[in-house]
Ligand code: SIN
Ligand code: FE2
């Protein structure tokens, strides 16, 4: 992959534009981390992390859970949103209030006021786990942005174009960083390089990512 140094290694706390309607908000989630971590534990106690199959029948390297009215699931039948956790048969855990506040305030800061997520996909990456370039396009409402929160180990985020073969820029995401993309950037291809590097002081050898969506 071409490594355009589009986003440079900008580590200031200024919002860093990744596109006309895409922005990296460094450290935006940090003040809420003390509330988020216990809420996350409660979510994954009810709906544990599990590795799902891709439509091609391969096990994803990332393990996932969800909270909110809808949860993103994948199996040999395809990708979709489901009201119940296929593992437990019960509804997904309610989206914790601190999650909703974080998603709303990050969206607003990025220029998308009034964001009301109904789905929060929680991804867990252990060292070596990755996410290939893809678009988030299973949502009915593409007018709403995606709000993506990083916790734990750092990761290299790839942010490409509207077509898979366009070169992707890179940005290293750290604990507490939030990326928001919507509008003309809503369908940009994105992914995560295999996780490596030192463990995180609070979360150890893992990276957790939330992506908030308005699915329907
Ligand atoms: C995703 O695109 O679902 C995850 C992105 C990330 O882990 O930062
Ligand atoms: Fe995605």
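What follows is calculated from the coordinates using simple rules that are stated; it is not laboratory data. As the structure is a computational prediction, the values presented were derived from the model and not from experiment. Virtual Cβ from ideal backbone geometry, glycine too; neighbours counted across all protein chains shown.
Structure notes:
- Taking a point 7 Å out from the Cα of residue 88 in the direction of its Cβ, the residues of the stretch 49-63 whose backbone N falls within less than 14 Å of it are 49-50.
- Segment residue 97-residue 53, extension gain: residue separation times 0.36 nm, minus the distance between their alpha carbons: 12.8 nm
- Residue order, fewest to most beta carbons within 10 Å, for 121, 202: 202, 121
- Beta-bridge orientation, the chain: approximately 95 percent antiparallel, per DSSP, counting only bridges with both partners inside.
- When each of 79, 125 is scored by the number of other beta-carbon atoms lying within 10 Å, the sequence from fewest to most is 79, 125.
- Pairs of Cα atoms farther than 19 Å apart, the stretch 40-182, %: 56
- For the peptides 186-198, 62-74, the ranking by packing is 62-74, 186-198, with the highest mean count of neighbouring Cβ atoms within 10 Å listed first.
- Residues 211, 88 in ascending order of nearby Cβ atoms (within 10 Å, fewest first): 88, 211.
- Using C-alpha pairs under 8 Å with a sequence gap of at least 6, the mean separation divided by the residue count of the stretch 16-213 gives a relative contact order of 26 percent.
- For a modelled paramagnetic label at residue 205, 7 Å from Cα along Cα-to-Cβ, the residues of the stretch 95-134 in reach, with backbone nitrogen under 17 Å, are 124-130.
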